[in-house]
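The block underneath contains the structure these notes are about, expressed in structure tokens.
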Amino acid sequence: MTKILIIYTGGTIGMVNDAKTGVLIPFDFEQIKANVPELARLDYEMSVHSFNPIIDSSNMHPNQWKVLAELIKENYEEFDGFVILHGSDTMSFTASALSFMLKNLAKPVILTGSQLPIGEIRTDAKENLITALEIAATKNNGKAVVPEVCIYFDNQLFRGNRSIKYNTEKFEAFRSPNYPILAEAGVLLTFFHKEILPVPTAPFYIQTEFDANIGVLKVYPGITEEVVAAVTKSRVRAIVLETFGSGNTTTDEWFTDALAQAIDNGKIIVDISQCKRGSVQLGMYETSSKLKKMGVVSGYDMTFETAVTKLMYLLAAGISDAEIRQQMEVSIVGELTH
């Protein structure tokens, strides 16, 4: 019998209105099972591990990513797949982080949640949970059909490190702006196999260290020297630079000098676009050619969530700054396209 481990971290899917305050508060997984009697009809052996205490995803931290990775490692041989119930606000960060932590992953790790609590009449939680379990259990010739970290939400399966949360008001909460979806749930559950990573043959292992000592600098018309200096002269090891269009910034000398000085002082600067769709192409325009010459790294079409978690992961990997810069510009687990 197929065995699935459900890891319940918290989030809207497991919330209920507090009778006294009217505020949404978390409840335990047994109450989730009571609200989804269909789970008993699935022909899987399901086990549950609940975080204690369960957490709102806004409080998610690299320490919790480490707990998740270690849970998967401890149970990797016993289970065929893993479903993580997680709040949607930081789900893309967690999925991106896990994609780098879980090395040579040959089994599905599917994150899901909901926009409405599972006890609500119109909730999206039931369908998301049931289909996430089905995806985690799906095999072909004894091998997992989706051997990667994914997010399932509103009938679509996304590569985790390509996903963004873009909507707080609709069930269609996530998108993958620069990569196709991996599967779609309609009358049939359809997998798009050419978009899915191959099953690795090397042994599974985890890398759990992260260095969160990074800064974020989002450029805008009229940005001041004081704002830029607050980031570039700080003690961070690396900076995610959110630029215009295909990687462009102001060419004011004070601005480019601030970036160049930060690089000279040993900081790694990664350029990603503020646009959700498209890619950074350093040197395409004059406004980004200076960045390329001074050594700014191209983040190509990585999401903000992936650029942040990948940097944290590489900074803690015990490799040289030159290797970090090189690794940021290549795909490790399908997170970017040149």
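The values are calculated or read from the model by the stated rules, or taken from the named source; none is laboratory data. Because the structure is predicted, anything quoted here is derived from the model rather than measured. Note that we place each Cβ from the backbone using ideal geometry, even for glycine, and neighbour counts take in every protein chain shown.
Computed quantities for the displayed model
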| item | result |
| --- | --- |
| Matching option when the condition is more than 30 Å from ALA316 (Cα to Cα), modelled with pLDDT of 95 or more and β-branched (Val, Ile, Thr), among ILE214, ILE206, ILE223, ILE239 | ILE223 |
| Selection status of SER176, touching a helix residue (DSSP H, G or I) at 6+ places or on another chain (Cβ under 8 Å) and assigned by TED's automatic domain parsing to the domain that holds ASN161 | yes |
| Meets criteria (surrounded by fewer than 21 Cβ atoms within 10 Å (Cβ to Cβ) and among the hydroxyl-bearing types (Ser, Thr, Tyr)) for TYR285 | yes |
| Top-ranked residue in the range 260-274 [being buried (at least 17 other Cβ atoms within 10 Å of the Cβ) and free of Cβ contacts under 8 Å to residues at least 40 places away in the same chain; ranked as farthest from THR309 (Cα to Cα)] | ALA260 |
| Residues being in a helix (DSSP H, G or I) and in contact (Cβ under 8 Å) with a residue 12 or more places away in the chain - total across the range 35-70 | 13 |
| Residue identified as closer than 30 Å to PRO147 by Cα and not basic (Lys, Arg) among VAL231, VAL199 | VAL199 |
| In the range 155-169, the residues that are surrounded by fewer than 23 Cβ atoms within 10 Å (Cβ to Cβ) and aromatic (Phe, Trp, Tyr) | TYR166 |
| Residue count, the range 224-259 (criterion: closer than 28 Å to PHE210 by Cβ and either among the polar types (S, T, N, Q) or without any contact (Cβ under 8 Å) to a residue 60 or more places away in the chain (or both)) | 17 |
| Residues of the range 164-212 satisfying the condition of being in contact with a Pro (Cβ under 8 Å, 6 or more places away or on another chain), of a type in the set (A, V, I, L, M, F, W, C) and under 25 Å from LEU129 (Cα atoms) | ILE164, PHE192, ILE196, LEU197, VAL199 |
| Qualifying residue in the range 23-43 (condition: at pLDDT 85 or above, within 23 Å of LEU68 (Cβ to Cβ), touching a Phe, Trp or Tyr at 6+ places or on another chain (Cβ under 7 Å) and assigned by TED's automatic domain parsing to the domain that holds ASN75) | no |
| Entirely in the range 207-292, the strands (runs of 3 or more DSSP E) that have 2 or more residues that are closer than 19 Å to THR337 by Cβ and under 28 Å from the mean Cα position of the chain (by Cα) | 238-243, 268-273 |
| Residue check, VAL67 closer than 20 Å to ILE55 by Cβ and crowded, with 24+ Cβ neighbours inside 10 Å | no |
| Single match in ALA260, ALA238 (criterion: in contact with a strand residue (DSSP E or B) (Cβ under 8 Å, 6 or more places away or on another chain) and either under 23 Å from TYR179 (Cβ atoms) or not β-branched (Val, Ile, Thr) (or both)) | ALA238 |
| When residues of the range 299-322 are limited to those that are assigned to a loop (DSSP other than H, G, I, E, B) and small (Gly, Ala, Ser), the one farthest from GLY247 (Cα to Cα) | GLY318 |
| Failed condition for ILE319, given (1) of a type outside the set (Asp, Glu); (2) over 24 Å from PRO62 (Cα atoms); (3) loosely packed, with under 15 Cβ neighbours inside 10 Å | (2) |
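Conditions (1) free of Cβ contacts under 8 Å to residues at least 60 places away in the same chain; (2) outside the structural domain of LYS103 (by TED's automatic domain parsing); (3) on the phi < 0 side of the Ramachandran plot, marked per residue:
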| residue | (1), (2), (3) |
| --- | --- |
| GLY283 | yes, yes, no |
| SER288 | yes, yes, yes |
| VAL297 | yes, yes, yes |
| TYR300 | yes, yes, no |
| THR303 | no, yes, yes |
| THR306 | no, yes, yes |
| ALA316 | no, yes, yes |
| ASP321 | yes, yes, yes |
| GLY334 | no, yes, no |
